[in-house]
Each structure stands twice: as C-alpha cells, then as structure tokens.
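Worksheet for the structure shown next.
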Amino acid sequence: MKTVIIGAGAMGSLFGGFLSLSGEEVWLVDIWKEHVDAIRSKGLAIEEKGKVQAVSVNATSDITSIGKADLILYFVKTYHTEKAVTDSLVLEKEDTVFLTLQNGLGNEETICKQVDRKKVVLGVTGQGATLLWSGHIRHAGRGKTYVGELDGKITDRVNQITQIFRKAGIETEVSSHIHTLVWEKLFVNVGLNGLAALLGLKNGQLLDYPETIRLVEALVSEAVEVARRKGVQIESNPMDRVRAVIEATRENRCSMGQDLDRKRRTEIDAINGAAVREAEHLGIPVPYNRMITDLIKVIEKRF
Ligand code: NAD
C-alpha cells in the first residue's frame, strides 16, 4: 500500500518511520525543507528511551514528484489541513483512501470539502511524539490507534490499513463507531490542553488542585453535553477516562502548552473552539469552553 504522509512533523515522521522500517513504501511530505533534507541525507532519527535509531525513509517537499498514492495520511496541524488537502489532490487516483489521525473536530469536514466522502476514513491515535529538531523525533508514548469508515462499515480497506500499521508495530484496531472515539479523544483535549497551556502546568498538576479539577470537569461536561445533544453515543462517565489519561501522562507538558511556550499558533479552534461552534449551532451555552478559547486567542494574537 503506497502511503504518502502529509506533514512529517512529530507524528507524521513517527508513523512514516515505523511503516518504512516494516518494508512498506512510504513517502513523507513536508514544506519544511531543512527537515526533509536532514531525513534524506542522514535518515530519520527516532529516539525512544534514550536510544536513537536512524531510519531510511523517502522524504520530499515536492509532492508532484511522488506519483499516485494508495493511502494519504494527514498529520499536519488542524489549521493547515485545508491547504494540505489541496496540495495532495495530485496524488489521487480512483481508489485512493484519505485518512486523518489528527486531533480535534472538523478534519473530516475539511477533507470532504475537496474529496469525495466515500474515499475518506477517520481515525484517532494514542501514540505520542515530539519533534526535537530537524530530522530527529522522540517517541513519547504508545497507545492504541483506531481507524474506521464514516458509515461504520468494516471494509477491506480499513482492515488493510490496520494490517500495515500492525505490521509496523503500531497497535491498531478497526472501529465501527469512529465518531464516538473522535469525540472521546476530544473530551481529553478539551479538559486538558487549553487549561494546562494557560496555567503553565504539566498534565498531572491539573489533578493537584481542587480549582483545576473543577475547571477540567466543567470543560469536559460542557463538551459531553454537546456530543449527547448531537446524538453521539457516549459512555456513562467520560470524566473517568479524562482523569486516567491526565494521570497516565502526568509528567508531560501537553502540545498546546508547548505551542504557547514557543509562541506558536495552537489547535484551539479544533478543540475547545470546536466545542463552542457546535454548541452555538445547538443553541446551548458553553461558557467555560468559550472563555478558554478566547483567552488562548488573545495570547496568540499577541505573539
Ligand atoms: P508538528 O507540528 O510536529 O508537524 C506538522 C508538520 O506539518 C510540520 O512539520 C509542518 O511543517 C508540516 N506542514 C504544514 N503544512 C504542510 C503542508 N501543506 N504540506 C506538508 N507539510 C506541512 O505536529 P504533530 O505534533 O505531528 O501533530 C500533527 C497532528 O497530530 C495534530 O493534529 C496533533 O494534534 C495530532 N496529534 C499529535 C500527537 C503528538 O504526540 N504530537 C498525538 C496525537 C495526535
């Protein structure tokens, strides 16, 4: 399955590196030339538990040089998805599959604006990675990856994607309720990212103060109410899962926190901002999510 990954940052490089190691034909595409040049000249360095391995993987900034793809996997930040999809249309053939494993809400809709939705597959991943410098990433954590058809059917193509990921050591399952999983991941990001980013806290510190516990619960319960009103099937208490993820990643500074620390744009519009947009359509108030979104937006405007 010829796979082209658009966005070869932390996660794109992780998936691309593992797929390449397993013998799959994979191409990394990134607009960051220095990074692409480093991968081409020295291989992609993947660091895990202090050990570094150099992986040979195709990388380019010229997407037109690749030919057609069987699978296109988007791993750009959500605010770059629209442009990435436009760029990637040169890779399309009749049976190309378009997959996103990005965080947040709205990726499916952004892809489907330019691509026939029958070709689009959705997923979430519990893998974690950090880009340290050009050509060098750190594998920060392992967790399950899920892929699923938008209509919930179990098809050959989602089975095939699952197989190539598993062969590459990426633990993956097919899901018949992928939208639920996207929302459940959103609950974690809604409760954790903006708040930890603003307060300068590591993930686990959110559970150390009654005030932050209250705020996490308020943010998550607003998002859960939005999901329920939209008809998404949600387990009885999503807050337990949010707490468990925060606890399991206690020592991490979340990606939105890292973005603010480095004075970079965040994915707030696809996370708390998405909850606000959905709530507006439904006519329900989500004041905590609105406040977090507005605060982060002001910080971004002052960079
Ligand atoms: P990143 O910033 O490390 O990488 C994004 C890359 O996309 C950058 O290298 C950038 O140069 C490139 N890019 C931007 N526009 C492009 C374009 N038009 N064509 C090609 N390349 C382009 O981001 P990341 O941490 O890898 O995150 C990617 C997505 O995965 C996000 O939605 C994030 O929320 C999600 N995610 C991240 C993690 C993690 O641990 N980092 C875990 C799960 C999900």
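Brief remarks on what is shown
- Candidate set from region 126-159 (those that are closer than 28 Å to I246 by Cβ and among the β-branched types (V, I, T)); member that is nearest to the chain's Cα centre (by Cα): T145
- Set K83, K93: member being more than 8 Å from the ligand (Cβ to nearest atom) and either of a type in the set (K, R) or touching a residue at least 24 places away in the same chain (Cβ under 8 Å) (or both): K93
- Summed over region 128-146, the residues that are touching a Lys or Arg at 6+ places or on another chain (Cβ under 8 Å) and outside any strand (DSSP E or B) give a count of 1.
- For region 116-141, the candidate set comprises residues that are more than 11 Å from the ligand (Cβ to nearest atom) and among the basic types (K, R); within that set, the residue that is farthest from W32 (Cα to Cα) is K118.
- Check on R166, surrounded by fewer than 17 Cβ atoms within 10 Å (Cβ to Cβ), in contact with a strand residue (DSSP E or B) (Cβ under 7 Å, 6 or more places away or on another chain) and not hydrophobic (A, V, I, L, M, F, W, C): yes
- Evaluation of K113 against the conditions (1) touching a residue at least 60 places away in the same chain (Cβ under 8 Å); (2) surrounded by fewer than 20 Cβ atoms within 10 Å (Cβ to Cβ); (3) more than 8 Å from the ligand (Cβ to nearest atom) shows that the sole unmet condition is (1).
- Sole exception among (1) within 14 Å of the ligand (Cβ to nearest atom); (2) free of Cβ contacts under 8 Å to residues at least 24 places away in the same chain; (3) part of a strand (DSSP E or B); (4) not aliphatic (A, V, I, L, M) for Q53, by number: (1)
- Hey, R157 within 13 Å of the ligand (Cβ to nearest atom), out of contact with any helix residue (DSSP H, G or I) (no Cβ under 7 Å at 6 or more places or on another chain) and touching a residue at least 60 places away in the same chain (Cβ under 8 Å) or not: no
- Exactly one residue out of S13, S41, S20, S88 is away from the ligand (no atom under 11 Å from the Cβ), touching a strand residue (DSSP E or B) at 6+ places or on another chain (Cβ under 9 Å) and at negative phi: that is S20.
No value in this document is a laboratory result; all are computed from the given coordinates. Note that the structure is predicted; figures quoted are calculated from it, not measured. Cβ sites come from the backbone with ideal geometry, for glycine too, and all protein chains shown count toward neighbours.
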